[in-house]
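The structure appears right after this line, and notes come after that.
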Amino acid sequence: MIVVMKPGAAKQQIDHMIERIEGLGLRSHVIVGTECTVIAALGEKRDGAKQALETGEGVDKVVPILAPYKMASTEVKKDRTRVEAGRLQIGDGRIGVIAGPCSVESREQILQIAHIVREAGAAGLRGGAFKPRTSPYSFQGLKEVGLQLLAEAREATGLAIVTEVMAADQVGLVANYADVLQVGARNMQNYPLLEKVGESGLPILLKRGPSATMDEFLLAAEYILKTGNTQVMLCERGIRTFEDHTRFTLPLATVPYLHQHTHLPVVVDPSHGTGKASLVATMARASVAAGADGLIVEIHPDPEKALSDGYQALTPPAFVQMMADCRKVAQALGREM
Ligand code: PEP
Ligand code: MN
């Protein structure tokens, strides 16, 4: 349920309602909006709770939250969330771009790419140090050394570091180096991991599982939000269908759909979404046109020699061109990139 307070309700009245909500065995979550304050009362449905709260002083109305996810829902929070990590700003009118290699491979590679990313005007540097590979025989990432190299690249460029954490017991280590923790598609429903990344307090990039529905995706985000961490970005990275002309199928209707149902920013990954370098820039432009709040794109100075996902990596010149074209689309729609 949502307890909507009257405009100008006193702090004392709000505090009193929090007490009453918690007295009913529910969790409270206060959202101060531009027009009024609302308090979400979360937990198992309780008979009589609505009536009990409606009589509170300063209460305008008590309404049920219809969506299965609560804190992620626009029913609870109408104002759009902006996620901020250093110079990276995503959401609420800002389009942020995160780019970099699939995997951190060497000092030279990551530093070279970081400078290219920075010069092209992106604000986030991606790069996997712990890699979730389909085959256990494929390159698994440089692990902590990779994290150290990412931190060095941040030092050199000021870019915000976005990197994946694969297991709950690695969150502490990765959080020591990263500015944004990425939860990969394969881990979208790893609930202990979602809780642990939430508790880190760092912004989270949550990727959609390749077979997850929108409700499952938003409920996964809800696990993070429930820890009190409000800095969550949702990333559409393509789903598994019968199609085999692309690595995954990239459904861009996800962007406006999520904008209707959640206040969280939506990032699109056209690299994993297509798995083909020749399709990436077009889908990046289409994502911006669809209203995406951000892009995450794989690039590599020499894609043929990449240790992972080289076939979907843009070359530096192609990335520079992609940025210029996406900016034109953003400008045409009156948005900032
Ligand atoms: C990645 O970003 O390199 C990655 C492994 O992505 P996903 O989890 O979407 O497959
Ligand atoms: Mn990849």
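Report the FRET efficiency, 1/(1 + (r/R0)^6), for Gln260 and Asn176, where r is their Cβ-Cβ distance and R0 is 35 Å, rounded to 0.05. Don't jump to the answer; show the numbers that get you there.
Details: r = 37 Å, r/R0 = 1.07.
Approximately 0.40, to the nearest 0.05.
By how many nm would the segment from Thr282 to Asp244 lengthen if fully extended, with 0.36 nm per residue of separation less the alpha-carbon distance?
Net length gain for the segment: 11.8 nm.
Taking springs between alpha-carbon atoms closer than 10 angstrom, which of Thr262, Thr213, Thr81 fluctuates most in the Gaussian network model of the chain?
The residue that fluctuates most here is Thr213.
Please go through segment 1-98 and write out the GluC sites (Glu not before Pro) that DSSP classes as loop and that have at most 10 other C-beta atoms within 10 Å.
In loop regions of segment 1-98 (DSSP not H, G, I, E or B), the sparsely surrounded GluC sites (Glu not before Pro) are Glu35, Glu44.
Which of the aspartates and glutamates could a cross-linker bridge to Lys61, judged by Cα under 14 Å and excluding same-chain residues fewer than eight apart?
Glu75
So if R0 is 22 Å, what FRET efficiency would Glu119 and Lys328 give, r being the distance between their Cβ atoms, rounded to the nearest 0.05?
Rounded to the nearest 0.05, the efficiency is 0.75.
Measure off, as a whole percent, the carbon and sulfur share of the 1.4 Å-probe accessible area of the chain, all protein chains present. It would help to have the intermediate numbers written out before the result.
Details: 7480 of 14560 Å².
Heavy-atom surface of the chain belonging to carbon and sulfur, 1.4 Å probe: 51 percent.
May I ask you to rank Cys326, Cys36 by accessible area, largest first, using a 1.4 Å probe over the protein chains only?
The ranking, largest first, comes out as Cys36, Cys326.
Using the scaling law 2.2 N^0.38 Å as the reference, what is the normalised Cα Rg of segment 92-246? Write out the running numbers ahead of the final one.
Values: Rg = 15.3 Å, N = 155, 2.2 N^0.38 = 15.0 Å.
Taking N as the residue count of segment 92-246, the ratio is 1.02.
How much accessible surface area, in Å² rounded to 10, belongs to the heavy atoms of Ile239 with a 1.4 Å probe?
Ile239 exposes around 30 Å² with every protein chain in place.
As a test of reading the structure, rank Leu194, Leu66 by solvent-accessible area (1.4 Å probe, protein chains only), most first.
The residues order as Leu66, Leu194, largest area first.
What residue among Val197, Val63, Val117 has the largest mean-square fluctuation in a Gaussian network model of the chain, using Cα springs under 10 Å?
Val63
Given the options Gln12, Gln112, Gln148, which has the most mean-square fluctuation in a GNM of the chain, springs set between C-alpha atoms less than 10 angstrom apart?
Gln12
Counting other Cβ atoms within 10 Å of each Cβ, which trypsin sites (Lys or Arg not before Pro) in segment 26-69 have at most 11 and sit in a DSSP loop?
On the way: sites: Arg27, Lys45, Arg46, Lys50, Lys61; in loops: Lys45, Arg46.
Those satisfying the criteria are Lys45.
From the mean inverse distance of alpha carbon pairs (Kirkwood) and the Cα radius of gyration, derive Rg over Rh for the chain.
Here Rg/Rh amounts to 1.01.
Any chance you could run the full-extension gain for Asp15 through Tyr137? It's 0.36 nm times the residue separation minus the Cα-Cα distance, nm to one decimal.
38.3 nm
Just to compare against my own numbers: the Cα pair-distance distribution for segment 62-142, 5 Å bins, whole % per bin, please.
3, 13, 15, 13, 13, 12, 11, 9, 6, 3, 1, 0
If you take every DSSP beta bridge fully contained in the chain, what fraction is antiparallel? Give it as a percent rounded to 5.
40
Using the structure shown, list the pairs from Lys77/Lys328; Lys45/Lys70; Lys207/Lys328; Lys131/Lys305; Lys45/Lys226 with a Cα-Cα distance above 24 Å, or answer none.
Lys77/Lys328; Lys207/Lys328
So how do Ser278, Ser271 rank on accessible area, 1.4 Å probe, biggest first, that is with the largest at the start?
Ser278, Ser271
Please identify every one of the trypsin sites (Lys or Arg not before Pro) in segment 98-150 that sits in a loop by DSSP and has no more than 16 other beta carbons within 10 Å of its own beta carbon.
Working: sites: Arg107, Arg118, Arg126, Arg133, Lys143; in loops: Arg133, Lys143.
When the trypsin sites (Lys or Arg not before Pro) of segment 98-150 are filtered for loop state and at most 16 Cβ neighbours within 10 Å, Arg133, Lys143 remain.
With every protein chain present, what is the per residue accessible area of the chain (1.4 Å probe, Å²)?
43
Measure off 7 Å from each Cα along the Cα-to-Cβ vector at Arg80 and Val63, then give the distance between these two points in nanometres to one decimal.
So the two model labels end up 2.1 nm from each other.
Can you send over the solvent-accessible area of Ser28, 1.4 Å probe, protein chains only, in Å² to the nearest 10?
About 30 Å², ignoring ligands and nucleic acids.
Rounded to the nearest 0.05, what FRET efficiency do Asp47 and Gln148 have when you use their Cβ-Cβ distance and R0 = 56 Å?
Efficiency computed from Cβ-Cβ geometry: 0.50.
To two decimal places, what compactness ratio does segment 44-95 give when its Cα radius of gyration is scaled by 2.2 N^0.38 Å?
1.65
Take the alpha-carbon centre of segment 253-279, take the same for segment 70-120, and report the distance between them in whole Å.
13
Does segment 183-334 come out rounded, prolate or oblate, given a ≥ b ≥ c as the square roots of the eigenvalues of its C-alpha gyration tensor, rounded meaning a/c under 1.5 and, failing that, prolate meaning a/b above b/c?
prolate
How much accessible area does Tyr177 have with a 1.4 Å probe, in Å² rounded to the nearest 10?
Rounded to the nearest 10, the figure is 40 Å².
Per q in 0.15, 0.20, 0.25 1/Å, what log10 I(q)/I(0) does a Debye calculation on the alpha-carbon atoms of segment 273-337 return?
-0.45, -0.74, -1.02
The values are calculated or read from the model by the stated rules, or taken from the named source; none is laboratory data. Note that the structure is predicted; figures quoted are calculated from it, not measured. Every residue, glycine as well, gets a Cβ built from its backbone with ideal geometry; the counts of neighbours run over all protein chains shown. Quick note on the areas: whole protein, heavy atoms, side chains included, nothing else; ligands and nucleic acids left out. Shrake-Rupley method; radii C 1.70, N 1.55, O 1.52, S 1.80 Å.
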